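The values are calculated or read from the model by the stated rules, or taken from the named source; none is laboratory data. No experiment lies behind these values; they were computed from the predicted model shown. Because the Cβ atoms are built from the backbone with ideal geometry, glycine has one as well, and the counts that use them run over all protein chains shown.
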Amino acid sequence: MSYVPHVPYVPTPEKVVRKMLEIAKTGPEDVVYDLGCGDGRIVIAAAKDFNAKKAICIDINDDRLKETMENIKKNGVEGKVSVEKGNFFDANLSEATVITMFLLTNVNEMLKPKLEAELKPGTRVVSHEFEMRGWTPKEVIKVEDGNMNHIVYLYIIGEHK
């Protein structure tokens, strides 16, 4: 098994979730992967509000996955959203057209070679708060949620260097 990152669970504010999916231009042709999906809010929004073809949530924490499954049912997106228990470093991400994440800079750093090896050109990578050092973002936006300012980075594989 590869490195298992410790990333504290901090839910992404709804306003930021929407902006992440908007900046990626998420739509009906997309397969969205959320790495470390918490309570599932991003994959649920991708399926329910942005009509993504498919959304996959990958998390290692049983409590988060249980909460995600409950939220999937509550939101009526069974069949469009799937849950994978495991380490996203071990997951095959090649099907993704959009990757979302709210990790830490050092984890993003370790993920870069995997993303470059597995993702097709044109795949959008959206990071909440933490940049991908060495990659050039296509867009950087600030999102005010009432409590604080957040930063959302959009990278496009093939245009990221």
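Quick notes on this structure:
- Pair list, Cβ under 6 Å, 6 or more apart: the range 110-124 residue touching a residue at least 60 places away in the same chain (Cβ under 8 Å) and at negative phi, other residue in a loop (DSSP other than H, G, I, E, B) and buried (at least 16 other Cβ atoms within 10 Å of the Cβ): 124/24
- Count of residues meeting criterion [β-branched (Val, Ile, Thr) and over 17 Å from residue 59 (Cα atoms)] in the range 83-125: 4
- Of all residues in the range 67-84, those that are in contact (Cβ under 8 Å) with a residue 12 or more places away in the chain and out of contact with any strand residue (DSSP E or B) (no Cβ under 7 Å at 6 or more places or on another chain) total 5.
- Of the residues making up the range 73-89, at least one is touching a Lys or Arg at 6+ places or on another chain (Cβ under 7 Å), closer than 22 Å to residue 155 by Cα and at pLDDT below 95.
- Consider the range 135-153 and keep the residues that are part of a loop (DSSP other than H, G, I, E, B) and hydrophobic (A, V, I, L, M, F, W, C). The one that is surrounded by the fewest Cβ atoms within 10 Å (Cβ to Cβ) is 148.
- When every residue of the range 16-25 is checked against the conditions, at least one turns out to be of a type in the set (Lys, Arg), exposed (fewer than 14 other Cβ atoms within 10 Å of the Cβ) and either at pLDDT 95 or above or over 11 Å from the mean Cα position of the chain (by Cα) (or both).
- Subset of the range 100-130 that is more than 19 Å from residue 22 (Cα to Cα) and among the aliphatic types (A, V, I, L, M) - its residue that is surrounded by the fewest Cβ atoms within 10 Å (Cβ to Cβ): 117
- Residue count for the range 100-123 under the criterion of being farther than 13 Å from residue 135 by Cβ, more than 14 Å from the chain's Cα centre (by Cα) and assigned to a helix (DSSP H, G or I): the result is 5.
- Filter pass, residue 30 being modelled with pLDDT under 95 and not polar (S, T, N, Q): no
- Test set (1) of a type outside the set (Lys, Arg); (2) outside any loop (DSSP other than H, G, I, E, B); (3) crowded, with 20+ Cβ neighbours inside 10 Å - residue 160 fails condition number: (2)
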